[in-house]
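Worksheet: one structure, shown below.
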Amino acid sequence: MTRLLGTVLALGGGLSIGWATLLAAAGQVGGDDHDLAILLRADKNGVGQEAAAEAWQRIVNQGPAALPALFEAASRANPVALNWLVTAADRIVDVERANGRKIPDAVFLSVVENRAAHAKIRWWAWQRWREQSPELAEKVLAKSLDDPASELRRAAVEGAIQKLGDIESLVRRLDDPAARRNIAERLEQIFHAARDKDQVEKLARWLGELGKPVDLAAHYGYIRSWLVVGPFDNTGDSGFDTVFPPEKELDPHQKYPGKHGEVTWKAITVDDIHGRVDLNAVLGEEKGVVAYAWAVVEVKEEQPAEIRWATPNATKLWLNGQLLAVFHVYHSGYEDDQYRVECRLKPGKNQLLLKICQNEQTQDWARPWEFRLRVCDALGGGVGQR
């Protein structure tokens, strides 16, 4: 890796060299490097920690020459190993600055602009780059509204908001229709990029005040229209593993023997922006029961997605007939995105089936029989949102 040092330092503040060039100049650095391999083997159980500490110091001693290989190795690192890599990079930067030298801008740019690189190392690189070259770093950030790294995207959204000035005052005081349209158009662009709830709902509020209401449920990917059937019997928690008819075949016209007699599918649409479905209100409040909720998610092409849902009840999830998740847990919490699974959506219609089991606890806090579910990308944007 030492052969890379002269090449990197010769770059100065230039930004024309890329990630691949930096690595190539090193002459076979990266995955086969002995010290990096030691760091990559470190794990949360303490295995390899002593050897990792020694390898870490040797890498740090190489100075800036080691940075491109550290960046590349991050994509193969477990969380413990990633921490070793990031702290080594941090130490290298700190030592250089303490000696009056700065890391060439091109070294940081090479990883920040490489969207295939590990999100954490890209965010680290942008922050350290901003410390020494804020104007350049902010210029690159301005192009990151669609970035796949959540931290970079959040920072880009925040930067775009700040560039608009005092939005609260603008929204209240702008009387010129053309000016209001211009600010609304820019806010809409930023809104579609935003993924974090605080930013999303702040932008939605401003747009509403400007007469441009947005569909928050669609932005998050929450499903609000369902077919629901039940109740089936869950006395003594027997229903969680019982294969009731909806698990065998989905037919909206079918009738089934339920806990108290015949049950049929009911079509419901909820108004809640987070898609909350209250089964007590839909099927009647009861204990020891099972319900199924069925929705269709339609996409134009095959794509990766995440299904995220929350419920205080025991639950199972199927996608296109394949069981994806089983959580036999009752009343342990009800946080947003409590459960999440990765999946692939096929072109056309995808059948999503959720089983929601209510147990027989009688405490007031055990009353809820409900769920909310969304289908989104890895950053939490509804399928179809960019």
Does Glu286 qualify as being within 18 Å of Gly239 (Cα to Cα), surrounded by fewer than 19 Cβ atoms within 10 Å (Cβ to Cβ) and without any contact (Cβ under 8 Å) to a residue 24 or more places away in the chain?
no
Conditions first: (1) in contact with a Ser or Thr (Cβ under 6 Å, 6 or more places away or on another chain); (2) open to solvent by less than 10 Å² (accessible area, probe 1.4 Å); (3) not hydroxyl-bearing (Ser, Thr, Tyr). Phe327 passes all but one, so which condition is the exception?
(2)
Just to be sure, is Pro304 in a strand (DSSP E or B), open to solvent by 70 Å² or more (accessible area, probe 1.4 Å) and not basic (Lys, Arg)?
yes
Going through (1) over 20 Å from Gly284 (Cα atoms); (2) of a type outside the set (Phe, Trp, Tyr); (3) open to solvent by 20 Å² or more (accessible area, probe 1.4 Å); (4) within 30 Å of the chain's Cα centre (by Cα) one by one, Ser225 fails only at (1)
Is it true that some residue in region 351-362 is exposed (fewer than 14 other Cβ atoms within 10 Å of the Cβ), within 20 Å of Gly236 (Cβ to Cβ), without any contact (Cβ under 8 Å) to a residue 24 or more places away in the chain and out of contact with any Gly (no Cβ under 9 Å at 6 or more places or on another chain)?
no
What is the residue count in region 236-281 for residues that are open to solvent by 40 Å² or more (accessible area, probe 1.4 Å), β-branched (Val, Ile, Thr) and assigned to a loop (DSSP other than H, G, I, E, B)?
3
Looking at region 243-263, can you tell me whether even one residue there is in contact (Cβ under 8 Å) with a residue 24 or more places away in the chain, polar (S, T, N, Q) and at negative phi?
no
Regarding region 236-255, can at least one residue be identified that is modelled with pLDDT under 95 and in contact with a helix residue (DSSP H, G or I) (Cβ under 6 Å, 6 or more places away or on another chain)?
no
Looking only at residues that are part of a loop (DSSP other than H, G, I, E, B) and small (Gly, Ala, Ser) in region 129-143, which one is nearest to Val107 (Cα to Cα)?
Ser133
For the structure I just gave you, tell me whether Ser133 is crowded, with 18+ Cβ neighbours inside 10 Å, hydroxyl-bearing (Ser, Thr, Tyr) and within 18 Å of Leu70 (Cβ to Cβ).
no
For Ala155, which of the numbered conditions (1) without any contact (Cβ under 8 Å) to a residue 40 or more places away in the chain; (2) surrounded by fewer than 20 Cβ atoms within 10 Å (Cβ to Cβ); (3) hydrophobic (A, V, I, L, M, F, W, C) fails to hold?
(2)
Residues within region 307-324 that are open to solvent by 30 Å² or more (accessible area, probe 1.4 Å) and within 19 Å of the chain's Cα centre (by Cα), tallied
1
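The values are calculated or read from the model by the stated rules, or taken from the named source; none is laboratory data. Model, not experiment: these values are computed from the prediction. Glycine also receives a Cβ, built like all others from the backbone with ideal geometry; neighbour counts cover every protein chain displayed. We work out accessible area using only protein heavy atoms, side chains counted, and drop any ligands, DNA or RNA first. Shrake-Rupley method; radii C 1.70, N 1.55, O 1.52, S 1.80 Å.
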